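Trainee: Below you will find the structure I want to go over with you.
Please treat every number below as a calculation from the coordinates, not as lab data. From a predicted model like this one, the values you see are computed outputs, not experimental measurements. All Cβ positions, glycine included, derive from the backbone under ideal geometry; neighbour counts span all protein chains shown.
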Amino acid sequence: MKIELDKVSKKYGSQWIYRGVSAVFESGGRYAITGANGSGKSTLLKVISGMVTPNEGKVIYTHSGATIPADEIYQHISYSAPYLDLPEELTVAEMVAFHQQMRALHGITAADLLKAIDIPATKEIRDCSSGMKQRVKLALAYYTKSDILLLDEPTANMDHHWRDWTNVLVKNDPQQRVVIICSNEEYEYEGAEIVVRL
């Protein structure tokens, strides 16, 4: 998988968030998008994911030499971010099962995923702390079979133990995907190649 940003620019109203961003991301690489709060990191990650359309420039996705249309790229992506909502009425086990109906897991069973995040399977999402919810979102993104893993502030709301757990996962990704980490915290992207600094 290869993702190319060709002079990508994004604005809201009359205000440009960033302009002329160019970068290349390839399978097996771990990359970082960094910058201060409000610099447009999350917006750029959404552009890469296809959730947001740039005002200028383009994002090109290629896999095995073939171009993937932007409206189909979601099939190749797993995504985790603190601002993504989970269905509050589901239990943690139901959330994992619901996810599996749409996307296959890689290298782990649902039961082992539940053990890994150490949250009671019968606990409802509404009763989970922000850190627990983040673990659910991160585990579902990480263990989903995909070509691209996009992580926006992956350890937000986590304590030191779960931060370490997250960093070990990301550093040892067995799928050889494009991994892009969006953060202004260096410990979240330690060892990654910084390709965009906003």
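Trainee: Just to verify a number: FRET efficiency for Ser129 and Trp16, C-beta to C-beta distance, R0 = 45 Å, to 0.05? If you can, show how the numbers build up before the last one.
Mentor: On the way: r = 37 Å, r/R0 = 0.82.
Computed FRET efficiency for Ser129 and Trp16: 0.75.
Trainee: Need the full-extension length gain, Tyr83 to His160, defined as separation in residues times 0.36 nm minus the C-alpha distance. One decimal, nm.
Mentor: 25.7 nm
Trainee: Next question. What is the calculated FRET efficiency for Val168 to Gln75, with r their C-beta to C-beta distance and R₀ = 25 Å, to the nearest 0.05?
Mentor: That gives a FRET efficiency of 0.35.
Trainee: Now for a different question. What FRET efficiency would be calculated for the residue pair Thr122, Met102, taking the C-beta separation as r and a Förster radius of 25 Å, to the nearest 0.05?
Mentor: For R0 = 25 Å, the calculated efficiency reads 0.70.
Trainee: Another question, then. What is the angle, in °, between the Cα long axis of helix 92-102 and the longest principal axis of the Cα atoms in the chain? Nearest 10 is fine, range 0 to 90.
Mentor: 50
Trainee: What are the aspartates and glutamates whose alpha-carbon lies under 15 Å from the alpha-carbon of Lys41, with same-chain residues fewer than 8 places away excluded?
Mentor: Asp152, Glu153, Glu185, Glu186, Glu188
Trainee: Can I ask one more? So what is the relative contact order of segment 31-77, in percent, for Cα pairs below 8 Å that sit 6 or more residues apart? Mind dumping the intermediate values first?
Mentor: Values: 26 pairs, mean separation 12.3, N = 47.
About 26 percent, as a whole number.
Trainee: Here's another thing I want to ask about it. Would you give the gap between the C-alpha center of segment 45-75 and the C-alpha center of segment 96-155, rounded to a whole Å?
Mentor: If we compute the Cα centre of each part, the gap is 24 Å.
Trainee: Given Cα pairs under 8 Å that are at least 6 residues apart, what percent is the relative contact order of segment 2-197?
Mentor: Across segment 2-197, relative contact order equals 31 percent.
Trainee: While we're here: Starting from the Cα-Cα distance between Thr67 and Ala36, subtract it from 0.36 nm times their residue separation and give me the gain in nm to one decimal.
Mentor: Extending this stretch completely gives an extra 7.9 nm.
Trainee: Excluding residues fewer than 8 places away in the same chain, name every one of the lysines whose C-alpha is closer than 26 Å to that of Lys123.
Mentor: Within the straight-line limit of under 26 Å, Lys123 reaches these lysines: Lys115, Lys133, Lys137, Lys145.
Trainee: According to a simple spin-label model (label point 7 Å from Cα along Cα-to-Cβ), what is the distance in nm between Val24 and Lys115?
Mentor: Each label point is offset 7 Å from its Cα along the Cβ direction, giving 4.3 nm.
Trainee: Let me ask something else. Sort Lys2, Lys123 so that the residue with the fewest other Cβ atoms within 10 Å of its own Cβ comes first and the one with the most comes last.
Mentor: Arranged by neighbour count, lowest to highest, Lys2, Lys123 become Lys123, Lys2.
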